[in-house]
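The values are calculated or read from the model by the stated rules, or taken from the named source; none is laboratory data. Model, not experiment: these values are computed from the prediction. Here the Cβ positions follow ideal geometry from the backbone for every residue, glycine too, while neighbour counts run over all protein chains shown. Calculation scope for accessible area: heavy atoms of the full protein, side chains included, ligands and nucleic acids excluded. Shrake-Rupley method; radii C 1.70, N 1.55, O 1.52, S 1.80 Å.
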Amino acid sequence: MLDWEKNVDPNFAANRFMRPKPVKSENEMAEAGYNEKWICYRSKAFSANELTVFPGKTVTITDHAAYGLIVLQGHGKMGGWDIEAPALIRYGQLTNDEFFVSESAAKMGVIIRNFSSTDPIVMLKHFGPDNPDLPRCD
């Protein structure tokens, strides 16, 4: 399961590092109240991006593929669901930090509201194989 030669590559950073890439114009995203960057994009088998919704903003995010997400920071609403990054999780306790967005919901657009006036909402969105939004990696 582990490719040992790739993991001991003396030029590992030069050959494997993925500098974050904005999903679209950073000015356009900032005006809309968010920032989104590809953070894992060199594989067609899986990909991921980081979504930050600025304090006090409501945004609609569209994608062309289903994804899972984890809320890393902040609190608010995603559609009709409360979302929050818990400070402490006790055994057996339910949390509002992990969700799945279906392909149809992603295509329609997911509305995310950040209730905080100071704290951004930060999410990690992870996609499965053949994400049509995946940037080219030439």
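Pick from region 27-56 the residues that are small (Gly, Ala, Ser) and surrounded by 14 or more Cβ atoms within 10 Å (Cβ to Cβ): which of them is farthest from Pro129 (Cα to Cα)?
Pass one, region 27-56, residues small (Gly, Ala, Ser): 30, 32-33, 43, 45, 47-48, 56.
Going one step further and asking which of them are surrounded by 14 or more Cβ atoms within 10 Å (Cβ to Cβ), we end up with 32-33, 47-48, 56.
Details: Ala32: 29, Gly33: 29, Ser47: 8, Ala48: 11, Gly56: 34 Å.
Filtering first and then ranking leaves Gly56.
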**OP:** Just need a number here: residues in region 97-112 that are closer than 9 Å to Asp63 by Cβ and in a strand (DSSP E or B).
**Re:** 2
**OP:** Pick out the one residue from Asp119, Asp63, Asp82 that is touching a His at 6+ places or on another chain (Cβ under 8 Å), among the acidic types (Asp, Glu), assigned to a loop (DSSP other than H, G, I, E, B) and at pLDDT 95 or above.
**Re:** Asp119
**OP:** Report, ordered by the first and then the second residue, all pairs with beta carbons closer than 7 Å, sequence separation of six or more or different chains, a first member in region 30-57 that is more than 30 Å from Ala14 (Cβ to Cβ) and part of a strand (DSSP E or B), and a second member that is open to solvent by less than 50 Å² (accessible area, probe 1.4 Å) and small (Gly, Ala, Ser).
**Re:** Val53/Gly33
Original post:
Out of the residues in region 57-97 that are among the β-branched types (Val, Ile, Thr) and surrounded by 18 or more Cβ atoms within 10 Å (Cβ to Cβ), which is nearest to Lys24 (Cα to Cα)?
Top reply: Ile61
